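*Asks:* I have a structure I would like to understand better, so I am pasting it below and will then ask my questions one at a time.
Just so it is clear, none of the values below were taken in a lab; they were calculated from the coordinates. These numbers were taken from a predicted model, which means no experiment stands behind them. Heads up, the Cβs are rebuilt from the backbone with ideal geometry, glycines too, and the neighbour counts pull from every protein chain shown.
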Amino acid sequence: MNVLKQIMLIDDDEVYNFICSETIKKILNIKDIITYTSSQNGLNFLAKSIADKAQLPDLIFIDINMPILDGWSFIEEYQKMSSDIAQKVLIYIQSSSVYDEDIEKSKTYAVIDGFITKPLSLAQLMEIKEKFSNEL
C-alpha cells in the first residue's frame with residue numbers, strides 16, 4: 001500500500017494555500033507540503049528535482065486560473081518533462097470554475113487524475129488518499 005509523503009499546492013492565493021496545507025496536515029497527517037503561488041516556480045522545482053534525481057511530490061494540486069502561467073500551461077509543460085519521471089505523480093486540477101468545459105478539458109490530459117471544485121473538502125481528500133494507496 002502506497003502512502004502519500006509529499007504534496008505540492010500551486011495556487012496564486014496564499015491564504016488558500018495556507019488553509020489547504022493546514023487541512024491536509026490535520027486530515028491526512030502529512031507534514032511535507034510544498035506551496036507555490038506561481039506555476040513557473042512549481043515547474044522549476046520539479047525540473048530541479050528531476051535533474052537531481054530527488055523525490056518528487058506524490059500529489060500536485062494546481063489551480064487553473066493563475067496569472068502569467070495558468071494551470072493548463074503548467075500541465076502542458078509538465079507533460080513535456082513527464083517522460084523523465086519514474087514515479088507516478090497524481091495531479092488534480094483545483095478551480096472555483098464550475099464550467100463543464102474546464103472539467104471536460106481536464107479529462108483530455110492523461111496526466112490529470114481529477115478535477116476538484118474549490119474548496120478542498122474532507123471527502124475529496126479521503127477519495128484521493130484511497131486512490132493513491134491503490135496505485136501500483
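*Asks:* Using alpha carbon centroids, what distance separates the range 90-136 and the range 2-63, in Å?
*Replies:* If we compute the Cα centre of each part, the gap is 15 Å.
*Asks:* Let me ask you something else. Could you give the longest part of the chain that holds none of the trypsin sites (Lys or Arg not before Pro) found in DSSP loops with at most 15 neighbouring Cβ atoms within 10 Å?
*Replies:* Working: sites that count: Lys5, Lys31, Lys53, Lys88, Lys107.
For trypsin sites (Lys or Arg not before Pro) (loop position, at most 15 other Cβ atoms within 10 Å), the longest site-free span of the chain is 54-87.
*Asks:* What are the ³J(HN,Hα) values, in whole Hz, obtained from phi via the Karplus relation 6.51 cos²θ - 1.76 cosθ + 1.60 with θ = phi - 60°, for each residue of the range 64-70 in sequence order, with x given for Gly and Pro?
*Replies:* Ordered by residue, 3J(HN,Hα) equals 7, 9, 9, x, 6, 10, 6 Hz.
*Asks:* Now for a separate question. Run through the range 62-136 and list the GluC sites (Glu not before Pro) located in a DSSP loop whose Cβ has at most 15 other Cβ atoms within 10 Å. All intermediate terms of the calculation are to be shown ahead of the outcome.
*Replies:* Numbers: sites: Glu76, Glu77, Glu101, Glu104, Glu127, Glu130, Glu135; in loops: Glu135.
Here the sparse-neighbourhood loop sites are Glu135.
*Asks:* Quick one: what are the phi-derived ³J(HN,Hα) couplings along the range 13-27, Karplus 6.51/-1.76/1.60 with θ = phi - 60°, whole Hz, x for glycine and proline?
*Replies:* Using θ = phi - 60°, the values come out as 9, 4, 5, 4, 4, 4, 4, 4, 4, 5, 5, 4, 4, 6, 7 Hz.
*Asks:* At a Cα cut-off below 18 Å, give the lysines reachable from Lys53, other chains included and same-chain residues fewer than 8 away excluded.
*Replies:* The reachable lysines, counting only those whose Cα sits under 18 Å from Lys53, are Lys5, Lys80, Lys88.
*Asks:* Debye sum, Cα scatterers, the chain, no solvent: what log₁₀ I/I(0) at q = 0.13 1/Å?
*Replies:* -0.50
*Asks:* For Ile34, what residues show an amide H to amide H distance below 5 Å, using hydrogens built from the backbone and excluding near sequence neighbours?
*Replies:* Correct list: Ile7, Met8, Leu9.
*Asks:* Separate question: Nothing charged except the Cβ atoms of Lys and Arg (+1) and of Asp and Glu (-1): what's the magnitude of the dipole of the range 6-136 about its Cα centre? Round to the nearest 20 debye. It would help to have the intermediate numbers written out before the result.
*Replies:* Numbers: 12 positive and 21 negative charges, 99 e Å.
Dipole size: approximately 480 debye.
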